[in-house]
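Following: one structure in structure tokens, then a few remarks.
The values are calculated or read from the model by the stated rules, or taken from the named source; none is laboratory data. All values reported here derive from a predicted model rather than from experimental measurement. Here Cβ is always computed from backbone atoms with ideal geometry, including for glycine, and neighbour counts include all displayed protein chains.
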Amino acid sequence: MKKFLGIVAAGTLAISLLSTSAMADPAKGQKIYLKKLKKACGFNGAKMSAMHTQDEWEEIKESGKLEDEIIKLCPKVKKGYLKKKWLDDLYDFFYKYASDSGNVPSC
């Protein structure tokens with residue numbers, strides 16, 4: 001019984017560590033926006049995030065149209081420029097600082 005509980009505890013710890021590293025990060029999304037999109041969009045991240053509410057950003061992400069929405073809002077960004085690995089972080093950034101969130105980024 002003790003050995004079984006030890007295995008369960010170790011498994012739980014391993015899963016929690018792996019899932020944490022796989023999660024997206026709003027701070028990383030902010031850095032990506034500043035480095036890769038700010039110039040192409042022509043406005044700061046606060047304005048970009050505030051173009052939609054949290055529910056709208058969530059709906060855009062769930063429908064798989066986040067890249068299309070970014071291209072629509074920032075016409076200088078071309079299809080294929082955004083790497084797939086950036087999209088989750090950008091989404092978290094946009095969601096955290098959406099118009100109805102009450103948060104304001106420092107960019």
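Some notes on this structure:
- Only residues that are among the basic types (Lys, Arg) and in a helix (DSSP H, G or I) were counted in segment 57-86, giving 4.
- Test result for LEU73, of a type outside the set (Val, Ile, Thr) and over 11 Å from TYR33 (Cβ atoms): yes
- Candidate set from segment 20-45 (those that are among the small types (Gly, Ala, Ser) and buried (at least 16 other Cβ atoms within 10 Å of the Cβ)); member that is farthest from the chain's Cα centre (by Cα): GLY45
- Test: residue in segment 77-86 that is of a type in the set (Gly, Ala, Ser), more than 13 Å from the chain's Cα centre (by Cα) and farther than 20 Å from PRO105 by Cα: yes
Yes/no matrix, rows are residues, columns are (1) farther than 21 Å from ASP25 by Cβ; (2) surrounded by 15 or more Cβ atoms within 10 Å (Cβ to Cβ); (3) at pLDDT below 95:
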| residue | (1), (2), (3) |
| --- | --- |
| GLU59 | yes, no, no |
| GLU69 | no, yes, no |
| LYS72 | yes, no, no |
| LYS78 | yes, no, yes |
| LEU90 | no, yes, no |
| PHE94 | no, yes, no |
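- Going through (1) exposed (fewer than 13 other Cβ atoms within 10 Å of the Cβ); (2) assigned to a loop (DSSP other than H, G, I, E, B); (3) more than 14 Å from the chain's Cα centre (by Cα) one by one, SER101 falls short only on (1).
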